[in-house]
Each structure stands twice: as C-alpha cells, then as structure tokens.
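Take a look at the structure set out below.
The values are calculated or read from the model by the stated rules, or taken from the named source; none is laboratory data. Nothing here was measured: the structure is a model prediction, and the numbers come from that model. Cβ atoms come from the backbone with ideal geometry, glycine included; neighbour counts cover every protein chain shown. Protein only, heavy atoms only, side chains kept; ligands, DNA and RNA dropped before computing areas. Shrake-Rupley method; radii C 1.70, N 1.55, O 1.52, S 1.80 Å.
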Amino acid sequence: MATDAPPPSTEQHKLPSTEEFTEVQQSAEFGELRRSHRNFAFPLTVAFIAWYLLYVLLSNYAGDFMGTKLFGNINVAFVLGLAQFITTFLIAWWYSRHAATKLDPKAEAIKSRMEGGA
C-alpha cells in the first residue's frame, strides 16, 4: 500500500542539556509564552465551568423556568443545553486561533533555538 507521507527524517537534532532546559525555562521569552497561555486559558476555563454549573443548577432548582416553552416543543432547557455544545466548540476554535497566532510562533522559536536550528 503506497502512502504520500515523506520518509522519516534522518537529520539529528542536538539534544539540549538539563542546564539549557532550566535556562530557557527561566528566560523572559518562555515566561511570556506561559503568561500568554495562562491569560487566555484560565479565565476562559473558569467562565465555562461557571456557565456549565449555572446550567446544572438551573436544571435542578429552576425546573419551572427551564420548562418554559419558547416555541413549539422547544423549551429553555433545550436551548441552554444546545448552547453548552455551541460554546464548547467556539472555545475550542478560539483557542486554536489563539495558539496558532500567539503561542505556536513563540514556542517554535524556542524549540528551534533549543535544537540548535537558530
């Protein structure tokens, strides 16, 4: 069975030492990469968990509200349940864009420098 995948690279990368890893970990560039990730991921995670818990609490303690029909057989619980899925996919898409534009270039620069490519 033929594949279009290129053959494995025989190019050897320089393996960084423990000291080099420690040096990079303490660098301002690595700190900025971590800050950029944390400033995006942590608030969004907290917001999504709060949104999810609100949905669960409303389902348990506000049955009349959640059972309110909006149109036809569609009620508030159904709409908020669908919104859970929509927000999950939106957050994943948003994080993917954030990583591609802000995190990946910085991480690639650090990686190539660590492997001796820069």
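Quick notes on this one:
- Among SER112, SER36, TRP51 the positive-end extreme of the charge dipole of the stretch 13-118 (Cβ point charges): TRP51
- Shape parameters for the chain, alpha-carbon atoms, Rg then Dmax in Å: 23.0, 66
- Helical mean residue ellipticity (222 nm; -39500 (n - 2.57) per DSSP H run of 4+; nearest 500) of the chain: -22500 deg cm²/dmol
- Computed from point charges on the beta carbon alone (+1 for Lys and Arg, -1 for Asp and Glu), the dipole magnitude for the stretch 54-118 about its Cα centre is near 180 Debye.
- Test item: Cα-centred dipole of the chain, Lys/Arg +1 and Asp/Glu -1 on Cβ, debye: 460
- Solvent exposure of the chain as accessible area per residue, Å², 1.4 Å probe: 78
- Site pair ASP64 and LYS106 shows an inter-label distance of 5.0 nm when each label is modelled 7 Å from Cα along Cα→Cβ.
- Label zone at PHE21, where the point sits 7 Å out along the Cα-to-Cβ direction: the stretch 92-118 residues whose backbone N lies under 20 Å: 107-118
- Packing here is the average count of other Cβ atoms within 10 Å per residue, and on that basis the peptides 70-78, 96-104, highest first, run 96-104, 70-78.
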